[in-house]
Amino acid sequence: MDVSLTLIVIMAVLFAAGVYAMMERSLTRVLIGFLLLGNATNLLLLIVMGVPGTAPFYGEEGKVSDPLPQALTLTAIVITFAVSAFLLALIYRSWQLGQADTVEDDLGDIAVRERTDAEEELFDDESSREDEDATTDFVGVSTAPITVLHMRDHPSIDDDAPVDVPDRSAADPGDDRGDRS
């Protein structure tokens, strides 16, 4: 496999610049960083694809290209486009509401930042024993989300499905519990 060192360097620079741009508080820079990461991912998949060959048709002779990286590249392009459209809508709405695209700290963010280690441990230890026993949101509620109906509950239900019943005649001969009537 002959991979160009230039492609690897460009991919690394795109990943580094994308991550750096996404660390900013400006939503426009987050969008630019995400686009750089998307292009770096496409370049990574192009590098992984290896040496190009002929189209992978049935019965083709010779060196054939691997279709999986091509499909992954198309998927990455679609995902990048969709998330970019979402980020553009988010930036537009943020600009409409506040005439700025920066994300400011609200009171909740400031309170979380000012918490001490003792308060953090207090929040971690708040789970109680009854929370661990509950496996559903409907504990102690008179109505349940699922009700199992049988044929005696509704006349239109046909409840003649086969049921596994242990065969009493094949019980252990030394066991006298199988012969009682």
**Message:** Spelling out what I want: for every residue of the range 56-69, take phi, set θ = phi - 60°, compute 6.51 cos²θ - 1.76 cosθ + 1.60 (Karplus), and round to whole Hz; glycine and proline get x.
**Reply:** x, 8, 5, x, 6, 8, x, 6, 10, 6, 7, x, 5, x
**Message:** With a cut-off of 8 Å between alpha carbons and a minimum separation of six or more residues, what is the relative contact order of the range 1-107 in percent?
**Reply:** 28 percent
**Asked** When only C-alpha pairs under 8 Å and at least 6 residues apart count, what is the relative contact order of the range 1-51, in percent?
**Response** 46 percent
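Rounded to the nearest 0.05, what FRET efficiency is calculated for Val78 and Val165 with R0 set to 45 Å and r the Cβ-Cβ distance?
0.25
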**For the range 16-74: span of alpha carbons on each principal axis (Å, largest first)** = 54, 16, 10
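Of the peptides 105-112, 71-78, 24-31, how do they stack up when ordered by the mean number of other Cβ atoms within 10 Å, highest first?
Going from most to least packed, we get 24-31, 71-78, 105-112.
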**Prompt:** Once phi is turned into θ = phi - 60°, what whole-Hz ³J(HN,Hα) does the Karplus curve with 6.51, -1.76 and 1.60 give for every residue of the range 88-105, x standing for Gly and Pro?
**Reply:** 4, 5, 5, 5, 4, 5, 5, 5, 5, 7, x, 6, 7, 10, 8, 9, 9, 6
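Only the coordinates and a few stated rules stand behind these numbers; no lab work does. On a predicted model such as this, the values are computed, not experimentally measured, just so you know. Neighbour counts are summed over all protein chains in view; Cβ atoms, including those assigned to glycine, are modelled from backbone coordinates with ideal geometry.
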